1. Region 294-396: D in µm²/s via Stokes-Einstein (Kirkwood Rh, Cα pairs, 37 °C, 0.692 mPa s)?
2. Quick check: Cα centre of region 70-119 to Cα centre of region 442-473, how many Å?
3. If you take every DSSP beta bridge fully contained in the chain, what fraction is antiparallel? Give it as a percent rounded to 5.
4. So, in Å, what gap is there between the alpha-carbon centers of region 1-44 and region 143-204?
5. Below 8 Å between Cα atoms, with a sequence gap of 6+, how large is the relative contact order for the chain in percent?
6. Decide, for region 349-395, between rounded, prolate and oblate: order the square roots of the alpha carbon gyration tensor eigenvalues as a ≥ b ≥ c, take rounded if a/c falls under 1.5, and otherwise choose prolate if a/b is larger than b/c, else oblate.
7. What base-10 log of the normalised intensity I(q)/I(0) is obtained for region 204-350 from the Debye formula, alpha carbons as equal point scatterers, at q = 0.13, 0.15, 0.19 Å⁻¹?
8. Nearest-5 percent of antiparallel DSSP beta bridges in region 2-273?
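Since every read-out is calculated from the coordinates, none of them should be taken as a lab result. Worth saying up front: this structure is predicted, and the values here are computed from it rather than measured. Positions of Cβ are generated from backbone atoms using ideal geometry, with glycine treated the same way; all protein chains shown enter the neighbour counts.
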């Protein structure tokens, strides 16, 4: 048995000014052929699950590519073609099964549905070859995705710590189909709701209940797999929003019944999918009164992991203005500042125009640097290994990295965008976040994977950026309408 396994992942924020050329995937360790197996087999990611299933079946594993990039703007035509061409070429050589690790919210310059377009092209080459797909919880599910594979599943956790487990589930379903032991059929549905990312934590409501509903349907044997997708509202495409998909063994009616139950629950709790804002000054003042740390401060409107520029200084400036002490910041993207600090050397005192390198035309904001003075504390190549539960075992690089110590604040400054979901962001440069009073992160929910165990308190700070949760700042042009909360609708509309 010959099995093609591949990964192609990007969460595209169509409001983000950060470009996504091929080099951005290379910076996140894109690899080909045997290098894919060497890089991912030791991890707890979906590709590792696929590889282990194939080994157990004695299958020949063909891994043409594993490519992922930090969220940003639309994927360049060149990058998209490189990735899809590698997969299509491997499929064209012939195979007995195809196992794909995709995201579900990739928008390329040449297509608004990166995953659906890839699957359609695969089906043109291999119309009957069994295909399984694992998607991110933030997948914007489309008809093209569902119609052009045999079994599709998504993560049940956010932060995403079950990549290996869901990959194993869908991979085993596919193998049962290959061996004639099962006949997977799927049903899927949407609700006209743009669910906000800050409301999608899977230990919080409303997603805690939605995830439990999928687990109960699986445990009762109604379906082999059930998934709810929060969707990614910052991808302005027709199918953005909340959705679900189920996989049953030959029983389409059973699959549809679970979908109907889930979509009804989406709509019933639509108001719970909206984040409630708090003035930045009040939130920082509230944080200042907390004596027991670490207190996690979330600069969520500039969340790297949703396509933020990672150089907006609004929240950091307010924290400095109000005089919070013993603060670690992870991290600010500013390659120029890093180079200035490297030229100055460890121990030197420098004054920097930090951050504010990127204009954000989609929200009508220009970059605004912040003048800061401090000591160059650490210089690093920014390379380290993830040891926490999310992306465990993966080698990552923040690029040339420096730590600026202002006295009250230690700021990790990086040359590559990287969301701080793991303590390695700090530990790799000699900062132990366990002993800081405040830990300021450009993150939303993923931070929980590495920092929830040490957090005494968490406060969300409503700053500025292209990952804002304020829908009034975003000009939607392509999403299907009417849709809640952009439109005042009382009943769900078909599709």
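1. Details: Rh = 15.5 Å.
Diffusion coefficient, whole number: 212 µm²/s.
2. 29 Å
3. Details: 33 of 76 bridges.
Around 45 percent of the beta bridges assigned by DSSP in the chain are antiparallel ones.
4. Rounded to whole Å, the Cα centres lie 19 Å apart.
5. Numbers: 1241 pairs, mean separation 82.1, N = 495.
With pairs under 8 Å counted, the relative contact order is 17 percent.
6. On the way: a/c = 3.97, a/b = 1.36, b/c = 2.92.
Here region 349-395 falls in the oblate category.
7. Each listed q maps to, in turn, -0.82, -0.93, -1.16.
8. Numbers: 14 of 37 bridges.
The answer is about 40 percent antiparallel.
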